[in-house]
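Here the structure comes first, spelled out in structure tokens, and everything after it is commentary.
The values are calculated or read from the model by the stated rules, or taken from the named source; none is laboratory data. Values in this document were obtained by computation on a predicted structure and should not be read as measured data. Note: ideal-geometry Cβ built from the backbone for every residue, glycine included; neighbour counts use all protein chains shown.
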Ligand code: ADP
């Protein structure tokens, strides 16, 4: 069980950003270290060889100069007690030059066709002179296992009748490079540990604020949404993340508040007609009534039931809007016939309040609308104009063209109107002007919010102007077809 726990903890750690960042950081660090190591190795190798070549070439030149500067004319050579042959003389001269050479270099000199000098350290080995000579001093490599386990690098100078090779085994270079490798082998793991620790430290530091955010997020519930996450003041990515999260929390709070308010308002709206219904039924059951009284109670029950159905319909419609379940099918509609048809259908509502529904449409214009949904919007506006308008004064539906390709449909009525301070709230859900709450005609305050949604789907605009005690005008602005 414990092992299982440990394994699952290890697996989750491997999946963390902290682990991945450390891994990336260390790998990059190691890669960089390897690249620098290789570069140093190549550079050292190259520059050591170059220095050796320069030094060998100089020695070859020096030997030649030493021999030629001695002004010994080998062609006029006369044997004497010291030197039996010209070669002996040259040998001595070269020996003198080489003894000045502090390094144990191999030197081989040929005069005409004869090797006249070879340093002791060559131990009888003969270095081959190349057949072709390319430049001033050629750099050659020899593989003489008897002399050195490493390649031997040599400078070859051919000048006058002399051929000179000054060579040196590359063991010093190899030793230097080997020490470099050794140092690297020791340093690499140290660097690896430093890079892993460094990576872990950096990622731990940079991610600690994320941990803090996660801890705060764990504490947040629907009950404490007003509390925010700390750290908005930072101007980096974390600050931005905190700001965005706080904005999101604020949005969630707003919608939860809205939903709470919505359900409180909805239950309140449903409760009023239900209480009236219950009261009327209780009265009906309390004592026997005449058929006329029963009829009156039933009529009132019917009105309250209709009110309930109306509220439930609107609530249902609003929840469909909120869940984007409404589909719009636009078509070309000619407004004259369309509006006259709506007014004819609604005339019975006007008749009840002796209100005349009048259309003022000059010419005819077409619009691209969903006729059913727009009918619903206009129905709500006309219904309000009848409900909240003065008895016996007409409700007028006007269509006028605006500049460009726009047009407006206005619904006008006379009456108490809407006080200035409520105009901005009139389209909010469940909002009703206080005075209309007491009216029997008042609804649940949902009609205008439905109108606004329908107009919005048509990319239109809705405006209201009201002069309390005189005229109230609701205007829908649409694009003509
Ligand atoms: P309701 O269902 O209460 O009518 P609405 O959203 O349709 O809800 O209207 C909101 C409020 O706006 C109404 O309660 C009423 O006070 C006011 N109102 C709407 N239309 C008019 C109008 N034509 N004249 C005066 N007041 C109006």
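I'd like the full set of residues that are part of a helix (DSSP H, G or I) and touching a helix residue (DSSP H, G or I) at 6+ places or on another chain (Cβ under 8 Å), limited to segment 207-232.
Residues satisfying the conditions are 207, 209, 210, 213, 217, 222.
Name the residues in segment 395-416 that are within 13 Å of the ligand (Cβ to nearest atom) and either more than 19 Å from residue 452 (Cα to Cα) or touching a helix residue (DSSP H, G or I) at 6+ places or on another chain (Cβ under 8 Å) (or both), would you?
Selection gives 395, 396, 397, 411, 412, 413, 414, 415, 416.
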| query | Given the structure, is residue 150 in a helix (DSSP H, G or I) and touching a helix residue (DSSP H, G or I) at 6+ places or on another chain (Cβ under 7 Å)? | reply | no
| Considering 268, 250, which residue is within 55 Å of the chain's Cα centre (by Cα) and either crowded, with 16+ Cβ neighbours inside 10 Å or at pLDDT 90 or above (or both)? | 250
| request: Could you please tell me which pairs satisfy a Cβ distance under 6 Å, a separation of 6+ or placement on different chains, a first residue in segment 403-431 that is without any contact (Cβ under 8 Å) to a residue 24 or more places away in the chain, and a second residue that is within 12 Å of the ligand (Cβ to nearest atom) and part of a loop (DSSP other than H, G, I, E, B)? | output: 422/433; 425/431; 431/445
